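Notes for the one structure printed next.
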Amino acid sequence: MASLYVVPTPIGNLGDLTERARRVLSEVDFIAAEDTRVTIKLLNHLGLKKPLVSYFEYNSRMKGDVIGDRIANGENCALVTDAGTPAISDPGADLVALCTERGITVTALPGACAVTTALAVSGLPTGRFCFEGFLAMNKKSRRAHLDALRQETRTMVFYEAPHKLPATLADLTQTFGDRRVAVCRELTKLHEEVLRLTLTEACAHFAQTPPRGEFVLVVEGAPAQSDSMGTLDQAVEKAMAYMEQGVSARDAVRQAASHMGHARNAIYQELIRRIDEGE
């Protein structure tokens, strides 16, 4: 029976394409590509000519059945994205699911992936991590996503576009406080850059330096609850420190509660008492 092959493509450096990926691309009957224009450039570099089928987020439902039918009828297909591993924060996941539901064999090749590349150079703990992809544009959904991660102790990985980076760094700082972050730009490309900063330092840096290129953000997780628990006085002092940085009282209390392990109400009541008494 024919198969679907999940084939990673370089995230910047064409030399990162594996020999196995070259062989599969040369042997399959057709290729399902996120953007056929990008894939044609890769095929030209490899000296290959293959039939291409466009497969991306907005046509995945319709094209998925067509691709599945072709594989079921005996044609081998390679699934590629513009860069990196298909099905990771990518509509290719839907095609893989469709094929598995139909009993079609799916074979994934190892290869380039921005998530693991960024983690490897971040300098942050990598034993446990979670990949969060792109944050939503909708403010309510974005806030809900970040709020759900306040107590996440694993290292977190986010993707971000340059025009949204300053706002995202501000949101991460407001939610998590001043944690460590590795800001990875243009990984494997000529102008690759990895900045290992705190979130507030990253905000200040990109306020002065306009972001360019594609970014991966690797953010330090929350300290384990047993290690982060401080006294109520320490939690209130942390909340007051956030307020001095311009954070609202509500968000300052929320951040202090996240870091120090005390109930928000207890911190808020003590904070208000201090403010009323002029401490």
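The table that follows gives values for the structure above.
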quantity	calculated
Residue match in the range 203-213 (condition: closer than 14 Å to Arg150 by Cβ and surrounded by 14 or more Cβ atoms within 10 Å (Cβ to Cβ))	no
Sole exception among (1) outside any helix (DSSP H, G or I); (2) touching a helix residue (DSSP H, G or I) at 6+ places or on another chain (Cβ under 9 Å); (3) open to solvent by 10 Å² or more (accessible area, probe 1.4 Å); (4) in contact (Cβ under 8 Å) with a residue 12 or more places away in the chain for Ala182, by number	(3)
Residue identified as under 13 Å from the mean Cα position of the chain (by Cα) and either closer than 22 Å to Asp16 by Cβ or β-branched (Val, Ile, Thr) (or both) among Val157, Val121	Val157
Residue check, Thr173 modelled with pLDDT of 95 or more, crowded, with 20+ Cβ neighbours inside 10 Å, closer than 24 Å to Tyr242 by Cα and among the polar types (S, T, N, Q)	no
Residues located in the range 45-72, provided they are farther than 20 Å from Asp90 by Cα and without any contact (Cβ under 8 Å) to a residue 24 or more places away in the chain	Gly47, Leu48, Lys49, Pro51, Asp69
Residue in the range 130-137 that is more than 25 Å from Tyr55 (Cβ to Cβ), within 16 Å of the chain's Cα centre (by Cα) and not aliphatic (A, V, I, L, M) present	yes
Number of positions in the range 208-249 that are in a loop (DSSP other than H, G, I, E, B) and over 27 Å from the mean Cα position of the chain (by Cα)	6
Qualifying residue in the range 271-278 (condition: in contact with a Phe, Trp or Tyr (Cβ under 7 Å, 6 or more places away or on another chain), assigned to a helix (DSSP H, G or I) and more than 25 Å from Cys113 (Cβ to Cβ))	no
Single condition Asp90 does not satisfy, out of (1) at pLDDT 95 or above; (2) within 30 Å of Asn13 (Cα to Cα); (3) out of contact with any strand residue (DSSP E or B) (no Cβ under 7 Å at 6 or more places or on another chain)	(1)
Sole exception among (1) within 19 Å of the chain's Cα centre (by Cα); (2) of a type outside the set (A, V, I, L, M); (3) assigned to a helix (DSSP H, G or I); (4) farther than 30 Å from Ala263 by Cα for His205, by number	(1)
Near pairs, Cβ below 6 angstrom, 6+ apart or cross-chain, from the range 114-127 (within 10 Å of Val216 (Cβ to Cβ) and open to solvent by less than 80 Å² (accessible area, probe 1.4 Å)) to any residue that is part of a helix (DSSP H, G or I) and at pLDDT below 95	none
Qualifying residue in the range 49-69 (condition: touching a Ser or Thr at 6+ places or on another chain (Cβ under 9 Å), closer than 30 Å to Met156 by Cβ, aliphatic (A, V, I, L, M) and modelled with pLDDT of 95 or more)	no
Which numbered condition Glu19 misses (of (1) under 24 Å from Thr100 (Cβ atoms); (2) open to solvent by 70 Å² or more (accessible area, probe 1.4 Å); (3) not aliphatic (A, V, I, L, M))	(1)
Residues satisfying the stated conditions in the range 24-43, i.e. open to solvent by 60 Å² or more (accessible area, probe 1.4 Å), outside any loop (DSSP other than H, G, I, E, B) and more than 18 Å from Gly84 (Cα to Cα)	Glu27
Residue in the range 143-159 that is open to solvent by less than 40 Å² (accessible area, probe 1.4 Å), closer than 21 Å to Ser248 by Cβ and part of a loop (DSSP other than H, G, I, E, B) present	yes
Unmet criterion (only one of (1) open to solvent by 30 Å² or more (accessible area, probe 1.4 Å); (2) closer than 30 Å to Leu135 by Cα; (3) among the hydrophobic types (A, V, I, L, M, F, W, C); (4) in contact with a helix residue (DSSP H, G or I) (Cβ under 8 Å, 6 or more places away or on another chain)) for Leu46	(2)
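Let's see how each residue does on (1) under 27 Å from Asp90 (Cβ atoms); (2) aliphatic (A, V, I, L, M):
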residue	(1), (2)
Met137	yes, yes
Ser141	yes, no
Glu152	yes, no
Lys164	yes, no
Pro211	yes, no
Glu214	yes, no
Thr231	no, no
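The values are calculated or read from the model by the stated rules, or taken from the named source; none is laboratory data. Here the structure is a predicted model, which is why all the values come from computation and not from measurement. Backbone-built Cβ (ideal geometry, glycine too); neighbour counts: all protein chains shown. The area values use the complete protein model at the heavy-atom level, side chains included, leaving out ligands, DNA and RNA. Shrake-Rupley method; radii C 1.70, N 1.55, O 1.52, S 1.80 Å.
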